[in-house]
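So the structure is just underneath, and the comments pick up after that.
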Amino acid sequence: MKAIKVGLLGIGTVGSGTFNVLRRNQEEIRGRAGRGIEIAMVADLDVARAKGIVGDSVEVVDDARKVIANPEIDIVIELIGGYGVAKALVLEAIAAGKHVVTANKALLAVHGTEIFAAAHAKGVIVAFEAAVAGGIPIIKALREGLTANRIEWIAGIINGTTNFILSEMRSKGLDFGVVLKEAQRLGYAEADPTFDIEGVDAAHKATIMSAIAFGISVQFDKAHVEGITKLQAADIKYAEQLGYRIKLLGITRRRDNGIELRVHPTLIPTNRLIANVEGAMNAVVVQGDAVGSTLYYGKGAGSEPTASAVIADLVDITRLHTADPEHRVPHLAFRPDAMSDTPILSMDEVQTAFYLRLCVADQAGVLSSITTILAENDISIDAVLQRESAEGEKQTDLIILTHDTVEGRMNKALAQMQALTTVLAPIVRIRKEELA
Ligand code: HSE
């Protein structure tokens, strides 16, 4: 059977990895897919650089619309990124009857509902394994491998840049700003790292996983997004003393009244496997009612790891594109008529435990006034640590770990504690998850 023809929009790091792996492993991939998969056309604004990667045998153009208009092309890979031109091109490719493979988490998290509806109406596939956790086949696991389960929660380290920064802060005792500069020098962090360090990239990925896990539409606008820029080395150290590591987690969890969807720095017990995922690696824990806890670990970015996910989608489409669309795996795991309208909860309704650091006057009655406020708000304390004051020092750090509570209740207690004259600085509050 003749090879299926693929058009590639954007040949940067992931595009060149895709081209190289497809060529290197073509025999194995053909054996698995049932026919060859050939990148027949590439669109990139830098034609000369693109030609340098793919050689003379592949047509290179500077206009993505020429790829979409080519009737020979069955699958379009979108590796441009962002919400602007990428959105228009994906919708045009769908309208032209092409299947689409994309690594674009931002696009799907924000415009996924529109894109999947267009694909469904046209009977084409939009595949996006590379959009979440790079080379880790987490979309495949959630949509297919765990299909028997009622998913209870997902917690993931799904941004390598921030995990690298947190690992360096912990192991070297350095502050955020210092490590960020080093990460940029080493190429782990982009020149403009905003999406990574502010938690936006992780929230895009968490939004996509949440939709697949719970059969809800993609709703990035409802996600709580908090990055690592305010994290201080002192809190990483105190957490360590109490048996916890701080990780930037993407968390989505089913509750009786709705679904939690949040990204924020989180204390996790050091003895959990995911707490020991270091450097730029990614890991996702999925808790299902039948399977229990499963952990997926690997590279979340990079040329060939991400290409591995892109090509897995190409193989899936090659196998499935002649099947009746009704018999394909639905884009978000649930059939469109079986999607749920379960709401995403506001942060006030989220249930979690907390780490608090209070800079307090070192005098009689301070601890008791603070614990009284927590008790009056029905917040139970799990552990307390007080830094020993130096000779003559009039203030100290008081660290409190709480049991699970409702965040709205904690906000009320925090306002009351902050108003005490013996609390001398803004209280640091970091959420804590046992992930048991
Ligand atoms: N910038 C992301 C990360 C990789 O640092 O993990 C692409 O999503």
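The values are calculated or read from the model by the stated rules, or taken from the named source; none is laboratory data. Quantities reported herein were computed from a predicted structural model and do not represent experimental measurements. Cβ atoms come from the backbone with ideal geometry, glycine included; neighbour counts cover every protein chain shown. We work out accessible area using only protein heavy atoms, side chains counted, and drop any ligands, DNA or RNA first. Shrake-Rupley method; radii C 1.70, N 1.55, O 1.52, S 1.80 Å.
What do you get for trypsin sites (Lys or Arg not before Pro) in the stretch 212-308 restricted to DSSP loop and a cutoff of at most 16 other Cβ within 10 Å of the site's Cβ?
Filter output for the stretch 212-308: Lys230.
May I ask you to give the percent of accessible area on the stretch 277-384 that is carbon plus sulfur, with a probe radius of 1.4 Å? Numbers along the way, then the final one.
Working: 2540 of 4870 Å².
The nonpolar share, carbon plus sulfur, comes to 52 percent.
Near Ile344, within a Cβ-to-Cβ distance under 15 Å, what is the net charge of the other residues, with Lys and Arg +1 and Asp and Glu -1? After counting each charged neighbour, the total is -2.
To the nearest 20 debye, what charge dipole does the chain have about its Cα centre, counting +1 at the Cβ of each Lys and Arg and -1 at the Cβ of each Asp and Glu? Could the numbers behind the result be given before it?
Working: 45 positive and 54 negative charges, 136 e Å.
Its charge dipole is roughly 660 debye.
In percent, rounded to a whole number, the relative contact order of the stretch 138-299 is 34, using alpha-carbon pairs under 8 Å and six or more apart.
Which value, in Å², gives the accessible area per residue of the chain when a 1.4 Å probe is used on the protein heavy atoms? Spell out each step's value before the answer.
On the way: 18380 Å² over 436 residues.
For the chain, the per-residue accessible area is 42 Å².
Between the residues Val428, Val58, Gly7, the greatest Cα displacement towards the positive end of the dipole of the chain, with unit charges on the Cβ of Lys, Arg, Asp and Glu, is found for Val58. For the stretch 108-173, chymotrypsin sites (Phe, Trp or Tyr not before Pro) are listed when DSSP marks them as loop and at most 10 other Cβ atoms sit within 10 Å of their Cβ; the list is empty.
Quick one: work out Rg over Rh on the C-alpha atoms of the chain, Rh as Kirkwood radius. Mind dumping the intermediate values first?
Working: Rg = 24.1 Å, Rh = 23.2 Å.
In the chain, Rg relative to Rh is 1.04.
Put the Cα centre of the stretch 44-80 next to the Cα centre of the stretch 129-197 and the gap is 30 Å. At q = 0.15 Å⁻¹ the log10 of I(q)/I(0) for the stretch 1-155 amounts to -0.83, computed by Debye summation with a single uniform scatterer per C-alpha, solvent ignored.
For trypsin sites (Lys or Arg not before Pro), the sites in the stretch 74-175 that DSSP calls loop and that have at most 16 other Cβ atoms within 10 Å are Arg150. Placing +1 on the Cβ of every Lys and Arg and -1 on the Cβ of every Asp and Glu, with nothing else charged, gives the stretch 49-103 a dipole about its Cα centre of roughly 180 debye.
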